[in-house]
Amino acid sequence: MYRFLLTPRWWGINVFVLLAIPFCVFMGSWQLSRFEARVDAQRDAKEQAQAARTEAARPLAEMLPVDKVTSGKQVIARGRYGKQLLVPDRQLDGKNGYYVLTLLRTDGGKALPVVRGWLPGRADSGRAPAAPSGEVSVTGALQASEQPGDNGVSAQGGLPAGQTAAISAASLVNLVPYDLYDAWITLDTADSGMTAVPASAAPDTGLDLKAFQNLGYTGEWFVFAGFVVFMWFRLLRREVEFAKDAALGIVPEDDQPSADREDVHEEASTPVR
């Protein structure tokens, strides 16, 4: 009855199944490990952010470049405020508003983007408070340059003059006449009645869209493994039914799977004892 399993066609099917199932399980496990790593990274980032609030601020130059270790750390910088921009469509406490972003021209010659606070409503330069004049010292949480499309950062273009969608050196280089640090800070205490913007987690550490994509891929790979097993049993049952029907003379020999006709014919010609 099951001699068809030894035919070349079924050898190919069986080898494919034996390779496909562990591969799908491996890929599903790997995607799950990626999701778990992001969960652990988010927890570590929250602990790091809490610890950073009690640490003394360090000079900006000592904390660059920004990475997962330095992101969220308190830094101090000195300089004079220059050009001011607005960052629209930023939510805070469930409300839509905008950031007030001012470039701090430091003694090192480069400009540091500083988010001085958040205001509700549509971006309006008339409502944004002017930056303090003269030399200032600012303290805030260090942040990596944003990437459009990540963590709610808009990728839209064609914004009005004086606005930017992302806070990054790549986005600002064409908007301001300064050399820029590849980083920015958000002030601990907002200026002029604005609301302070909390520091965000370092890139690739939070439960963002990528994390849930990993979780979705995990389910897909395990579903694929189950589908392979299901199809193997379905093909097996189909072959067995054909063999039984052929043995009883119900199914013409021409309707049988070509790879198994010889075996079924041999079984059908064997006398039943």
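What is the calculated FRET efficiency for Val69 to Val229, with r their C-beta to C-beta distance and R₀ = 51 Å, to the nearest 0.05? Given R0 = 51 Å and the Cβ-Cβ separation, E is 0.70. As a proxy for reagent exposure, ranking Leu101, Leu18, Leu175 by other Cβ atoms within 10 Å from fewest up yields Leu18, Leu175, Leu101. Counted residue by residue at 0.36 nm each, then reduced by the alpha carbon distance between them, the extension gain from Asp93 to Ala61 reaches 8.3 nm. Distances between placed amide hydrogens fall under 5 Å for Thr195 paired with Trp118, all partners being 5 or more residues away or on another chain. Bridgeable lysines around Lys68 (alpha carbons under 27 Å apart, same-chain partners fewer than 8 residues away excluded): Lys46, Lys110, Lys210. Spacing of the modelled spin labels on Ser33 and Ser137, each 7 Å from Cα toward Cβ, amounts to 4.8 nm.
FYI, it's all coordinate maths here, none of it is from the lab. A quick note: this is a predicted structure, and the numbers were derived from the prediction, not measured. Methodologically, a virtual Cβ is constructed for each residue, glycine included, from the backbone with ideal geometry; neighbour enumeration extends over all protein chains shown.
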